[in-house]
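Down below is the structure, laid out as structure tokens.
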Amino acid sequence: MLWPSSNETEVEARHPRRHLIFFIVSIALLMASVDQMIVATALSPIQRELHTGVQWGGWVITVYALGQVLIMPIAGKISDMYGRRRIFLLAAVIFTVASLLCGLSVNIYMIVAMRAVQAIGGGAFIPAATGLVSDHYGAGRDRAIGMFSSIFPIGGVIGPALGGIIVTFTSWRWIFLVNVPIGVVLIVLGVIFFPKNVPGERQRFDLIGIIALGAAIIGGMLGITYLGAAGSNLLSPFFLVPELVAVLALAFFVRHSRRAPSAFIPAELLLGGGFGSMNALNFLFGAAMLGLSALLPLYAQERFGIPVLGAGTLLTARATGMILIAAIATFMLRRTGYRIPMFIGFGAIALGLGLIALVPPHVPVYGWLAIGACVTGLGMGLSLPASNNASLHLRPLDVAAVSGLRGMFRQAGGIAAVSVATAIAARGSSPGAALGDIFLAFAAILVLSMPLILRVPEHRGSW
């Protein structure tokens with residue numbers, strides 16, 4: 001991998017366009033964040049118009065996460081090989097075209113397929129953007145990258161409200177079509193203002209590793225999705241065969257990662273040098289932030305009958321909590337280190353999920369849910385900058401690759417959470433009540449996982 005020397009980094013850090021570069025990549029991250037939250041708001045209308053059940057409607061969310069799981073580590077590696085600028089602009093083109101086709105979808109299969117393509121663009125944004133910013137901020141890159149934590153919740157504020165307005169007054173199709181003009185502007189700005197960077201060393205492309213990981217995730221999702229269908233059972237071959245494929249593919253992937261010279265994800269980035277604990281924590285964080293939280297509007301609609309617009313603004317309450325604390329947590333990180341904000345943040349997320357699941361009688365339901373959502377947001381905003389930088393600090397010279405790996409585990413957590421939750425909800429007599437039980441169970445899992453934070457390498461100061 002080609003990485004700038006210290007002198008080159010300092011020169012790039014003084015580049016007059018570095019703040020403009022940050023602004024442009026922030027637009028891309030904001031667009032991807034809005035898209036993820038806005039789709040969660042419109043899930044019920046999509047299901048109704050396309051005549052599909054909750055277990056297949058959930059694929060509109062999970063297939064986007066699946067595509068990001070596979071593309072993030074690839075984008076991190078190829079952005080080092082071919083240049084951040086080139087990969088970022090390619091991602092913007094793919095995302096924009098796929099958004100247009102999502103808006104024109106005529107059935108659930110087309111929209112799921114186009115969401116998978118859209119995920120390729122959305123997933124490539126994060127590692128390419130992280131590399132672009134890191135290359136131009138030198139010693140201040142920890143704070144610049146930490147500020148990404150404030151961008152995603154802004155999308156959480158805009159997305160649910162915008163999605164609720166669009167679905168209420170027009171059609172769910174416009175939640176995708178709104179990306180098209182933004183994407184065009186983003187491409188033009190990137191072409192004009194991104195400096196050209198020198199591509200790195202070319203490496204062998206690990207197609208075998210990518211296929212194995214994809215088979216493991218898709219197999220697991222197919223089996224879990226089947227359990228959501230009426231009349232399904234654990235002994236059915238429609239469940240057992242996909243799950244067996246998933247287990248075998250995962251075992252092969254781990255073995256392959258240990259032996260292949262140019263593995264898709266090297267073994268040392270899976271388990272070595274503190275990565276094992278961080279990967280597990282990022283998986284759980286993704287399950288909470290990208291998975292269960294995405295189902296909050298559906299929970300509010302199914303259990304309490306809250307209208308689409310009101311249910312969507314619960315994600316706005318969560319994002320507001322993130323915005324309130326994320327920027328402060330980023331600038332305090334050099335004093336607090338990584339472990340303290342992660343401990344407090346995970347505890348707050350668990351508390352918020354508990355509040356959402358346990359609504360007392362005779363209280364305003366919407367207000368109570370909004371408070372719970374805001375508490376989860378505060379926890380996410382506090383722990384997100386710490387977990388972002390803790391992963392990157394382990395391998396500061398491989399910032400794009402590590403960023404892609406971190407995103408992969410978070411998206412995998414989101415996939416698992418949505419797949420399991422929608423399958424359980426579809427089998428229950430009351431999907432809303434089932435989702436509440438899932439929120440409560442996951443809050444307990446978060447609390448039990450907190451000792452893993454003690455294994456996170458501690459650090460104070462820049463890296």
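Worth pointing out:
- Overall form of region 18-162 per C-alpha gyration tensor (a/c, 1.5; a/b vs b/c): prolate
- The chain: angle of helix 399-427 to the longest principal axis, Cα-based, in degrees nearest 10: 10
- Estimated at 0.36 nm per residue, the fully extended path between Val191 and Leu452 surpasses their Cα-Cα distance by 89.7 nm.
- For the chain, relative contact order (Cα pairs under 8 Å, six or more residues apart, normalised by length) works out to 24 percent.
- Rolling a 1.4 angstrom probe over the protein heavy atoms with all chains in place gives the chain an accessible area of 38 Å² per residue.
- Accessible-area rank, largest first, for Ser79, Ser430: Ser430, Ser79, with all protein chains present and a 1.4 angstrom probe.
- Global form of the chain, assessed from the alpha-carbon gyration tensor, a/c cut-off 1.5: rounded
- Apportionment of accessible area to carbon and sulfur, the chain, percent (1.4 Å): 72
- The magnitude of the dipole of the chain, with charges of +1 and -1 set on the Cβ of Lys/Arg and Asp/Glu and taken from the Cα centre, is near 560 debye.
- Tilt relative to the chain, helix 179-193 - C-alpha long axis, 0 to 90 degrees, to 10: 10
- Whole-angstrom gap from region 233-312 to region 401-448, using each part's C-alpha centre: 8
The values are calculated or read from the model by the stated rules, or taken from the named source; none is laboratory data. Here the structure is a predicted model, which is why all the values come from computation and not from measurement. So basically every Cβ, Gly included, is an ideal-geometry build from the backbone, and we count neighbours across all protein chains shown. What goes into the accessible areas is simple: the full protein's heavy atoms, side chains included, and nothing from ligands, DNA or RNA. Shrake-Rupley method; radii C 1.70, N 1.55, O 1.52, S 1.80 Å.
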